Amino acid sequence: MAPKPAFELPYFYNYRPYFTLQPVRDTREKQIQLWKELILSFCKHYGMYIVDVDDFPLFANKSIERKLTNEARELFLNALVMEGRAEWLGKDHRKCLLLWRRIEDWADLIISWVQENALENGVVTLDEMRTGDEARGTDLENLEMIILERAVRLLEARGKAQMFKGSSADDTGVKFFI
Amino acid sequence: MLLLEAQLSESGRPILQPGEIECQLIDSTDIDLEQETKPPYWNPLLGGIVSLTTHRIIWIERTRKKEPVQSRAFAIPHPAVHALEPPKKGGLKSLFGKQAVKLRIVVGIRKDGALATRDAASAVRVVMVFRNLDSNSDAFVTRFQEVLEAKAWTVIPPTSALPGRAHPGSEPSFSGRQDGSQPSRAFTTAHAGVSGILKREEAQAKQADETLQEAFGDLNALMSKAKDMVALAERIRMRLAGSSGGTGGGTDEGEGSRQEMQDLLLSVGIASPVTRENAGALYHQQLSRQLSDFVGPLLVKSNGMMALVDVYCFFNRARGTELISPDDLLQACRLWERVNAPVRLRRFESGVLIVQARGHSDEAIFAQLAQLVKTPDGTHFGISASDAARALGLPPALAKEELLAAEYRGLLCRDDGADGLRFYHNFFLELDSLQEAAAGQQQ
Amino acid sequence: MERAASGITRKFVLLAIGRLPEELGRSWFDKCFRGLDRPLRMAFRRRPGISGLQGATAARAQYKTLGEDVAKVRTEQMTEQLATFKKSLEDFAQKYKNDIKKQPAFRAQFHEMCAKCGVDPLASNKGFWAELLGIGDFYYELGVQIVEACLATRPHNGGLIDLQDLRALVAKKRRTAKEPVTEDDCIRAIGKLKALGSGFEIFTVGSRRLVRSVPTELNRDHNEILEMAQGKGFVTAAEVQAQKGWPPGRVEDALETLLREGLAMIDDGDPDGQRRFWFPCSSGDGNLSIEGQLGEGPIR
């Protein structure tokens, strides 16, 4: 994958108070909104799908010597979950799946990809879809397996695809009916 | 009918085409045909207000009533104008005092007698008579000529709001003159030594300095003249204020000269506040109607009210050029009361000014708020200005004003805690009525 | 001609003077009206004989009420004087219009002098000043841009912004405009915005000027804390207590209000463990990028 251009951090990221959960409700609501947007765009920019609550680069800003408390991190991610833009992986809330693109939109993207690569009525494995030649340079490249699987399942429900379980998870195949 | 019909809005203002801008207004004007035998369908248009725009000249029937009645309006598009024959100065008649000024407009017509914006078969002479002897008809005619030359109707209007400002000769000129000359700094260090540049810069700075000196001198001279004039204006204004309601003010003449004085004062930069007795400058009266039209649809989108500051921004952005000042806006809004406009200006306790539809009442909003505070969230946490803003579809500042108004009314009570200012259902109201009931029973 | 009649006639004639053509001959008139004072004679010189007398009678009839007459003359006087002044202004504008636009110092001086004369060149776009000097649009547009900039930054600073920051923001937005904008210009534009009643106000705190765009009222305590915050952009409760000598309750109240109004934010992340109260309006050293404050968002 070609190196991405540097991500431009928004103005608030270097203002220390934004790393403390604000007590005044109005202010906090604005704060949450800003962080939600930042997390989503950052992940989208770098093609990240999983946020490790304890280890996400955004949550600590060395240049101003500030980092978000665990409470704040969970709060912001929860806000994304409430909005349907993220999902917790596991009850301990240590990892969060980011849906900066919704599953439905991934599904649509897959359809276009299938059409562009003339894979209608063809069969590919899930693994090929995210690491194969046709994936290179597209948004599907290195797509998180969990998301890919969900999107394909959605297409299944719509009657546009059929999954076949192989001997291992990597072998799971898909046939597209478009 | 020779002239084209022009569309008017509900409040009697011409509906302008995209890109069309109003340039000048003049009142008490007739439009007639200048020929011996006039066609049977022709009726002279008497005593109307004429609006000169970038695209047309529009005659608007003037009604005396307060209520804007559906007036008639007719227009001559500029492309149909072949020539202007400006009024002649002097003449024997003028010995007897001022005469109504006549402007003759040569317009092209087709074979069937209708106006021709191109390929005219022949021409007729339309005469515009300016009956208000105190109006500045010269300025109007000059502007008319300018507008015809500018041919703005051939230009497709830009889509952007306030366009990038382009002024003739706007390149910075070190001589400081408005001569449109290009800046002389069109060379690089390759062409002259650094010291050469420095010397040139120094010389230019010095020249600018001297120019500035002269400029300040001229400014001083101008200001001393201004002072005299302002003093005179003040005296006359006070006299006019004193004479309102007296014998002088009752007659039409008195009314006319007062109106004229307002206009004069305004042009000098002394705004006369609109009072019950006077309607202020003609400019503000027209602006008032224009604003009423403009604001109507905006209010529908913003749930019935809008901060005056926002009206200022929206209106000026829509205008693009020849913007109105905040004072102009305020004066125009104050006039709404006098003409029963469908919108009104309202002031909250805090001093915040808003524009509201005339029929709008707070009751509906209070009802909404009352419901909001009775929801589970509202009961436990109360509602903040942001909560109210979301629910009412208003900006937070205005939502806050409504909350305060509801509190004043006794419908809500506040809690100014660590979580910010929040409002709750006014329990005390119920407590009061309970107490009253109890007291009543005791009696 | 008796005195009384000549008084009224004189006014009537003077009114008409400006419009009389020069072509009419002199000698016949001089003969008839030699006895009259000079200006009146000059006036009559231009009238044909009989109709001159008729004119006088007509005048007498026309101006029965002296009061009306006086009012009309004053209007005439005013109009004439205005015309003269307007000509002076036109000459001045021709020469200096560009300077007013391009040279902020000159422009500022112009405004100061107008203020001293009791003239408000920005009162209306219909005024001489706006029309001839073309400065109206400049300020009214600036007003719009200031309102928009304040609105865009309000979520961050609660409606209070340093004048310097505001000017920089607006200047950035005006990248395409060729006219520089100074703090003085902003002050004038904001001065006009006050009339619109949304709390626009400029006030001084310490060495800085702050622009308020919400109707929040701040008391002395608040202002003093804002002043303390200037430079580093924050204060701690302990600092305020130590420097001002206020009881803790008073310090707490003031800081709490500032927090509630959105003018301050807390920061608990400092290694020394002390809670800091940051004031976006006091961070005049621009530790915030300007694009972000305009809400354009560098993301996406």
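The loop-placed GluC sites (Glu not before Pro) in the range A:63-138, going by DSSP, include none that has at most 10 neighbouring Cβ atoms within 10 Å of its Cβ.
Checking the Cα-Cα distances for C:LYS173/C:LYS194; B:LYS38/B:LYS111; A:LYS36/B:LYS374 against a 25 Å cut-off, the pairs over it are A:LYS36/B:LYS374. When each pair of different Cα atoms in the range A:103-176 is counted once in the 1/r mean, what is the Kirkwood radius in angstroms, to one decimal? Every distinct Cα pair counted, the radius reaches 11.9 Å.
Considering the range C:139-293, its Cα convex hull presents a mean projected area of 9.4 nm². Projecting the Cα atoms of A:ALA135, A:LEU119, A:PHE176 onto the charge dipole of the range A:103-176, computed from C-beta unit charges around the Cα centre, puts A:PHE176 farthest toward the positive end. More than 18 Å apart: what percent of Cα pairs in the range A:11-98 qualify? Beyond 18 Å sits 39 percent of the P(r) for the range A:11-98.
If only the Cβ of Lys and Arg carry +1 and only the Cβ of Asp and Glu carry -1, the dipole of chain A around its Cα centre is close to 680 debye. If the viscosity is 0.692 mPa s and the temperature 37 °C, what translational diffusion coefficient in µm²/s does Stokes-Einstein give for the range B:363-442 when Rh comes from Kirkwood over Cα pairs? For these conditions, the coefficient is 252 µm²/s. Per residue, the Cα convex hull of chain A amounts to 136 Å³. Taking Cα centre as origin and charging only the Cβ of basic (Lys, Arg, +1) and acidic (Asp, Glu, -1) residues, the dipole magnitude of the range A:11-98 rounds to 180 debye. Counting only aspartates and glutamates at least 8 places from B:LYS400 when in the same chain, those with an alpha carbon closer than 15 Å to its own are A:ASP26, B:GLU349, B:ASP362, B:ASP387, B:ASP415, B:ASP416, C:GLU217, C:GLU261.
Ordering B:LEU4, B:LEU299, C:LEU196 by the number of other Cβ atoms within 10 Å of each residue's own Cβ, fewest first, gives B:LEU4, B:LEU299, C:LEU196. With a cut-off of 11 Å on the backbone N, the residues of the range A:28-56 near the modelled label site 7 Å out from A:LEU89 along Cα-Cβ are A:49-53.
Normalised by 2.2 N^0.38 Å, with N the number of residues, the alpha-carbon radius of gyration of the range B:4-153 equals 1.04.
Per-residue Cβ neighbour counts within 10 Å put B:THR29, A:THR69 in the sequence A:THR69, B:THR29, beginning with the fewest. The aspartates and glutamates whose alpha-carbon is closer than 15 Å to the alpha-carbon of C:LYS232, local same-chain residues fewer than 8 away aside, are C:ASP162, C:GLU224, C:ASP267, C:ASP270, C:ASP285.
Within the shell defined by Cβ-Cβ distances under 14 Å, the residues around A:ASP133 carry a net charge of -3, with Lys and Arg each +1 and Asp and Glu each -1.
Pairwise Cα separations in the range C:103-159 fall into 5 Å bins from 0 onward with the following percentages, short to long: 4, 17, 19, 21, 13, 10, 10, 4, 0.
The per residue volume of the convex hull around the alpha-carbon atoms of the range B:300-443 is 154 Å³.
Read-outs: derived from the displayed coordinates by stated rules, not from any lab. Computed from a predicted structure; not experimentally measured. Every residue, glycine among them, receives a Cβ derived from its backbone with ideal geometry; neighbour counts consider all protein chains shown.
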